[in-house]
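The values are calculated or read from the model by the stated rules, or taken from the named source; none is laboratory data. It should be emphasised that the depicted structure is a prediction, and the values quoted were computed from it without experimental measurement. In this analysis, Cβ positions are derived from the backbone assuming ideal geometry, glycine residues included, and neighbour counts consider all displayed protein chains. These accessible areas exclude ligands, DNA and RNA; they are computed on the full protein's heavy atoms, side chains included. Shrake-Rupley method; radii C 1.70, N 1.55, O 1.52, S 1.80 Å.
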Amino acid sequence: KEISHRKHRAIQAFRQVGKSILKNRHVSIGTRLKLFESLIIPVLLHGSGNWDLLSRRSFQVLHSCIMGWQRMIVNDGCWSEDQHTDFALQCEWKLPPLALRLVKARLLYAFQCATNGPQLLHDFLTSVAHLPHGWFAALRQALTWLASMDSTFCPVDLATASIEQIWTWFGAH
């Protein structure tokens, strides 16, 4: 329900600024993409830091929305002769993929929970940490990614550490 709600809110936001700004050929593509990142993406991914692991279908729905809008902005879709793959389009315009956006949101949420969250929130998050598709499972994936990017900051074995060790690490960093 949350993802459906976020999607519909983002569609409304896109409709409000789409024709006048995001589809306006008098505004450079780079500027339109920056505006998209600041006006539409926050609406779509609001609160995504505390989302559980997404199902394949939910992930694909969000990915398709983002890519469809980005393709419309850069005019690179099935209507163009030299349509790029999603990955090539993201690389060319330096656009982060959805998976990376979710990793960032979850890590930022975890850092905030560990440093500023009330004890009740800590207790709740640790009590449901055993769920295979829950938020803590998503956080473990994010930690795996972070360790692969910088193992000096985030130890490689942190993703498999105990809940208490993970919270201690977040509190210290």
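Note on the range 1-98: dipole from Cβ charges, positive end direction compared against Ser80, Gln60, Val43; the farthest Cα belongs to Val43.
Normalising the average separation of contacting C-alpha pairs (under 8 angstrom, six or more residues apart) by the number of residues puts the relative contact order of the range 80-173 at 25 percent.
If you count only protein heavy atoms with a 1.4 Å probe, what accessible area per residue comes out for the chain, rounded to a whole Å²?
Here the residues of the chain average 59 Å² of exposed surface.
A DSSP coil position with no more than 10 other Cβ atoms inside 10 Å describes the following chymotrypsin sites (Phe, Trp or Tyr not before Pro) in the range 103-173: Phe153. Only the Cβ atoms of Lys and Arg (+1) and of Asp and Glu (-1) were treated as charged; on that basis the dipole of the range 44-173 about its Cα centre amounts to roughly 220 debye. If R₀ is 22 angstrom, what is the calculated FRET efficiency for the pair Thr126 and Arg57, using the beta carbon separation as r and rounding to 0.05? Approximately 0.15, to the nearest 0.05.
A DSSP coil position with no more than 14 other Cβ atoms inside 10 Å describes the following chymotrypsin sites (Phe, Trp or Tyr not before Pro) in the range 62-97: Trp79. Measuring nothing but protein heavy atoms, the accessible surface of the chain at 1.4 Å probe radius is 59 percent carbon and sulfur.
In a simple Cβ point-charge model (Lys, Arg +1; Asp, Glu -1; nothing else charged), the range 14-121 has a dipole of about 300 debye relative to its Cα centre. Based on C-alpha pairs under 8 angstrom that are at least 6 apart in sequence, the chain has a relative contact order of 21 percent.
Report, in degrees rounded to the nearest 10, the 0 to 90 angle that the Cα long axis of helix 135-149 makes with the longest principal axis of the chain. Its long axis makes an angle of about 80 degrees. Ordered by solvent-accessible area of protein heavy atoms (1.4 Å probe), largest first, the residues Cys91, Cys78 come out as Cys78, Cys91. In the chain, the DSSP-assigned H stretches of four residues or longer account for a calculated mean residue ellipticity at 222 nm of -20000 deg cm²/dmol, using -39500 (n - 2.57) per stretch and the full residue count as denominator. Take the chain, mark every one of the trypsin sites (Lys or Arg not before Pro) that falls in a DSSP loop and has at most 15 other Cβ within 10 Å, then report the longest stretch left between them, sites excluded. Result for the longest clean stretch: 95-173.
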